[in-house]
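Contents: one structure, followed by commentary.
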């Protein structure tokens, strides 16, 4: 279970460029829940993931993962619990290293490292059987540099690598946005398969409203660093893109009015 409470994050604090990216955000995610997160640019989606993963620690608030307070943990310590896939297919792998070397690094994420053989036979067989699930033929190319792969192949590999350690939480930050529609569809099919088979607790950011409606158990919408809409699976099943846009506008107006009232009262 993930519990984020009162998460607040500023950028450029104390300057004329100060921005409040998260504004006292609260979020509870139950084990095995798959949540889609949508919102306009600057709404705080990626900052939320940064606070959870440790790349952008909050100024205030707390993050609890599986009953452990990880708020002050550095990113490397969280790596053994959290898998993350970014929008850029090049971000999750090292181009000059082979497929098996990249996978070996993923398997050892969050562990103590010392001198040892690069990739053992047991690991190699594990990688082959795991890659075969992709049906991309990569299990026959273990020694090929990752830089030779297409964007879709590379993002599929990154996604698979992020689940090798069976993370307590999987973070997907617009992981299909840079792919063509056909490849994006294939990566989403793989995503759903892995999440379901491994029962992974998952947060997925997307700008595709239809994708947000179609996938996952829950849909939340962010605006100005807050969650302004939260639909469970039953409510989400009845939504259309038009409904979602209308409810967003209504909720955003309500939030603006609430903030205005607070300023007046203050």
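No value in this document is a laboratory result; all are computed from the given coordinates. Please read these numbers as outputs of a predicted model, since none were measured by experiment. Because the Cβ atoms are built from the backbone with ideal geometry, glycine has one as well, and the counts that use them run over all protein chains shown.
Some notes on this structure:
- Size descriptor, Kirkwood hydrodynamic radius, that averages inverse alpha-carbon separations across the range 1-144, Å: 17.8 Å
- Calculated diffusion of the range 189-243, Stokes-Einstein form, Kirkwood radius summed over Cα pairs, 20 °C and 1.002 mPa s, µm²/s: 176 µm²/s
- Shown for 20, 49: other C-beta atoms within 10 Å of each C-beta, ranked fewest to most, produce the order 20, 49.
- For the chain, the pair-distance distribution built from all alpha carbon pairs, in bins 10 Å wide starting at 0, is 6, 28, 33, 22, 8, 2, 0 percent.
- Extension gain for the segment residue 28 to residue 72, taken as residue separation times 0.36 nm less the Cα-Cα distance, is 14.0 nm to one decimal.
- Residues 76, 10 arranged by fewest to most Cβ contacts within 10 Å: 76, 10
- 0 to 90° range, to nearest 10: angle between helix 181-198 axis and the chain longest Cα axis: 90 degrees
- Annotation: for a label point projected 7 angstrom from Cα along Cα→Cβ of residue 166, residues of the range 185-213 with backbone N closer than 13 Å are 197-201.
- Gaussian network model of the chain, springs between alpha carbon atoms under 10 Å - residue of 52, 35, 220 with greatest fluctuation: 220
- Computed from label points 7 Å out along Cα-Cβ, the spacing between residue 5 and residue 60 is 1.5 nm.
- Using bins of 10 Å that start at zero, the share of Cα-Cα pairs per bin across the range 73-211 amounts to 12, 44, 36, 8, 1, in whole %.
- Tilt relative to the chain, helix 241-265 - C-alpha long axis, 0 to 90 degrees, to 10: 50 degrees
- Placing pseudo-labels 7 Å out from each Cα toward the beta carbon at residue 241 and residue 90 gives an inter-label distance of 3.0 nm.
- Within the listed set 247, 87, 155, the Gaussian network model of the chain (springs between alpha-carbon atoms below 10 Å) gives the highest mean-square fluctuation for 247.
- Residue-averaged 222 nm ellipticity for the chain, from DSSP H runs of 4+ at -39500 (n - 2.57), nearest 500: -11500 deg cm²/dmol
- Tilt relative to the chain, helix 121-131 - C-alpha long axis, 0 to 90 degrees, to 10: 50 degrees
- Put in order of Cβ neighbour count within 10 Å, fewest first, the listed residues 51, 94 become 94, 51.
- Computed on the Cα trace of the range 145-205, the radius of gyration divided by the Kirkwood hydrodynamic radius gives Rg/Rh = 0.95.
- Volume in Å³ per residue [convex hull over Cα atoms, computed for the range 144-266]: 146 Å³
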